[in-house]
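The values are calculated or read from the model by the stated rules, or taken from the named source; none is laboratory data. Every value quoted in this text rests on a predicted model; they were computed, and no experiment measured them. Here the Cβ positions follow ideal geometry from the backbone for every residue, glycine too, while neighbour counts run over all protein chains shown.
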Amino acid sequence: MATRPELSTVPDTRFFGHPRGLATLFFTEMWERFSYYGMRAILIYYMTHKIAEGGLGFGDDKAGAVYGLYASMVYLLCLGGGWVADRITGQRRAVLIGGVFIAAGEFCLVVPSETSFYIGLVLLMMGTGMLKGNVSTIVGQIYPKGDPRRDSGFSLFYMGINLGALISPIFCGYVGERISWRLGFGVAGLGMLVGLVQYVLGGKYLGDAGLHPASTGDPEKDRRQKNNAIKAVGGGLGVFALLALAGVAGVIHFTATSIADMEGWALLGISVVVFSWMIFSRGWTLEERKRSAAILVLFVASALFWASFEQAGSSLSLFAERSTDRHIFGFLFPASWFQFVQPIFVVALAPVFAWIWLALARRGREPSSPAKFSSGLFFAGSAFAILIPASMMAAHGGQVAIWWLTGTYFLQTLGELSLSPVGLSAMSKLAPDRAAGFVMGIWFLSTSIGNWLAGRAASLYSAMPLPQLFGSVAGFTFAAMLLLIFLIRPTVRLMSGVR
């Protein structure tokens, strides 16, 4: 096993001023997100539509809980995927393995069986856990330490994410709603296969980045560590399989809500254990422990942001289908097409944000990561605040104009670009080389908690008045923003020179 490679001192600027390898990772993530968001665009509708309409016939409460369970597990397993990459496979092979699992999971959803549906979800969880965090880690590795292009590069990488999210609802959503839900999942699977081919062919541009597991510098210690990790993974897969089967049985025979509640407590417990170890363990240096405390602050802010943002695929999707007038020039467009509104804004604005951060960095005036996070929370809260009057108008069965949701998605996009690519970049800078994949997995653990909270909110869609539901989300997010503002300076000090 080799240490992290020393990159050339001559900057590679072949991809819009960035390393050529960024293009490979850009398109890999684009097709993976095509698969994820294409599937997500129709998932809640597939579950809530009647069996006679090709759906599963779930109630809103069960569908919301299953959605939250799936979406949170997708990101929770990034923690394990990062650990496996650091200890056994390296990030490059982990991404390839994850892509294969994702494609297999999408094709399982094509099979007309509820059991196959749950198996497909499990495969998607495992595949995304292996791919999502590790491809982001490789992005950080293709830049030399201290390279001012890194935040800008992550903003461009984020544009790739949203290109996939932009085009997938158009194709998967249309096929799903107008032809067959299950064929829509098949289109998502084909997208992942295209991404895998592109990734393999473009691997030559990545050099040695992510090719090997992290090294301690002692070959014998590396060998023992790898063997122990392989044994641990074998046992972990067995435990995960049992838990997944138990979860499926619980959903089928009991209630998805109770399973989702247990998962929420599990996510919180995992977070407490992980951060207690990172902050108090002697296995980390003093600087690493300080940075771990800073990561904790960003972690909590991120989880609360995603709790608001990720309702785009659940409660906001239901609002789009049931309470929004979707007629344009006499054409009733599919409700799932709302899912590409937000990516349009991201694709348009990501280069602008990339330019802004780079321009401010050159002048020495770039805001710190916690400051950028606080603005992200402000926009996320505002996105739901403007829906309060819209939900009041729709409370008695009426339908509101599409501009209400469009405005919400625009504000969410401003928040997303202020927080998400910045968080990816911050994790790549705060993480020690030997645990780069693991720390990136911790970042996605915050997304997991946010998705779980978003799913729980969606399960209340029919039980709570919409003005109260949307108002609660807005108020909670604004409160988190105010708290983070007070913590900006101490958090920056804990980051030990990283901004």
Do you know which of the residues in segment 142-180 that are at pLDDT 85 or above and not hydrophobic (A, V, I, L, M, F, W, C) is farthest from Glu106 (Cα to Cα)? Arg178
Please name all residue pairs, on different chains or six or more residues apart, with Cβ atoms under 7 Å, provided the first residue is in segment 268-297 and is within 15 Å of Leu494 (Cα to Cα) and the second residue is of a type in the set (Phe, Trp, Tyr). Met278/Trp284; Ser292/Phe275; Ser292/Trp284; Leu296/Phe275
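Restricting attention to segment 438-486, which residues are small (Gly, Ala, Ser), within 19 Å of the chain's Cα centre (by Cα) and within 17 Å of Leu298 (Cα to Cα)?
Passing the criteria: Gly441, Ser446, Ser448, Gly450.
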In segment 133-181, what residues are under 24 Å from Leu79 (Cβ atoms) and more than 19 Å from the chain's Cα centre (by Cα)? Gln141, Ile142, Tyr143, Arg150
Among the residues of segment 484-499, which ones are free of Cβ contacts under 8 Å to residues at least 40 places away in the same chain and surrounded by 17 or more Cβ atoms within 10 Å (Cβ to Cβ)? none
Right, Met481: surrounded by fewer than 24 Cβ atoms within 10 Å (Cβ to Cβ), touching a residue at least 60 places away in the same chain (Cβ under 8 Å) and touching a Phe, Trp or Tyr at 6+ places or on another chain (Cβ under 7 Å) or not? yes
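State yes or no: is Ala474 surrounded by fewer than 24 Cβ atoms within 10 Å (Cβ to Cβ) and out of contact with any helix residue (DSSP H, G or I) (no Cβ under 6 Å at 6 or more places or on another chain)? If you could, list the steps in order and put the result at the bottom.
Details: surrounded by fewer than 24 Cβ atoms within 10 Å (Cβ to Cβ): yes; out of contact with any helix residue (DSSP H, G or I) (no Cβ under 6 Å at 6 or more places or on another chain): no.
No; evaluated as a whole, the condition is false for this residue.
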State which residue is farthest from Pro351 (Cα to Cα) when the search covers only segment 108-149 and only residues that are surrounded by fewer than 24 Cβ atoms within 10 Å (Cβ to Cβ) and of a type in the set (D, E, K, R). Glu114
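Pull up segment 333-387, narrow it to residues that are among the small types (Gly, Ala, Ser) and in a loop (DSSP other than H, G, I, E, B), then point me to the one that is nearest to Leu419 (Cα to Cα). So that I can check it myself, show each step before the final result.
Keep residues of segment 333-387 that are among the small types (Gly, Ala, Ser), which gives 335-336, 348, 350, 354, 359, 361, 364, 368-369, 371, 374-376, 380-383, 385.
Now drop any that are not in a loop (DSSP other than H, G, I, E, B), which leaves 364, 368.
Values: Gly364: 20, Ser368: 11 Å.
That would be Ser368.
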Just give me the residues in segment 71-100 being buried (at least 20 other Cβ atoms within 10 Å of the Cβ), within 18 Å of Met39 (Cα to Cα) and at pLDDT 85 or above, in sequence order. Gly98, Gly99
List the residue pairs whose Cβ atoms are under 9 Å apart, where the first residue sits in segment 374-394 and is at positive phi, the second is assigned to a helix (DSSP H, G or I) and of a type outside the set (Gly, Ala, Ser), and the two are 6 or more positions apart or on different chains. none
Quick test of your reading of the structure: Gly455 fulfils all but one of (1) touching a Gly at 6+ places or on another chain (Cβ under 8 Å); (2) within 29 Å of Arg149 (Cβ to Cβ). Name the failing condition by number. (2)
Pairs under 8 Å by beta carbon, first residue part of a helix (DSSP H, G or I) in segment 45-65, partner of a type in the set (Ser, Thr, Tyr) and modelled with pLDDT of 85 or more, six or more apart or different chains? Asp60/Thr48; Ala63/Thr48
Hey, any hits in segment 122-142 for a residue that's in contact with a Cys (Cβ under 7 Å, 6 or more places away or on another chain), free of Cβ contacts under 8 Å to residues at least 40 places away in the same chain and not hydroxyl-bearing (Ser, Thr, Tyr)? yes
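Which residues, counting only those in segment 391-440, are in contact with a strand residue (DSSP E or B) (Cβ under 9 Å, 6 or more places away or on another chain) and under 17 Å from Pro467 (Cα atoms)? Even if it seems obvious, please write down each step before you answer.
Within segment 391-440, the subset in contact with a strand residue (DSSP E or B) (Cβ under 9 Å, 6 or more places away or on another chain) is 391, 393-394, 399-402, 404-405.
Within segment 391-440, Ser391, Met393, Ala394, Gln399, Val400, Ala401, Trp404, Leu405 meet the criteria.
Across segment 311-332, what is the number of residues that are surrounded by 16 or more Cβ atoms within 10 Å (Cβ to Cβ) and not in a helix (DSSP H, G or I)? I'd like the intermediate steps shown before the answer.
As a first pass, look at segment 311-332 and keep what is surrounded by 16 or more Cβ atoms within 10 Å (Cβ to Cβ): 311-321, 323-324, 326.
Cutting the leftovers down to not in a helix (DSSP H, G or I) gives us 314, 324, 326.
Within segment 311-332, residues that are surrounded by 16 or more Cβ atoms within 10 Å (Cβ to Cβ) and not in a helix (DSSP H, G or I) number 3.
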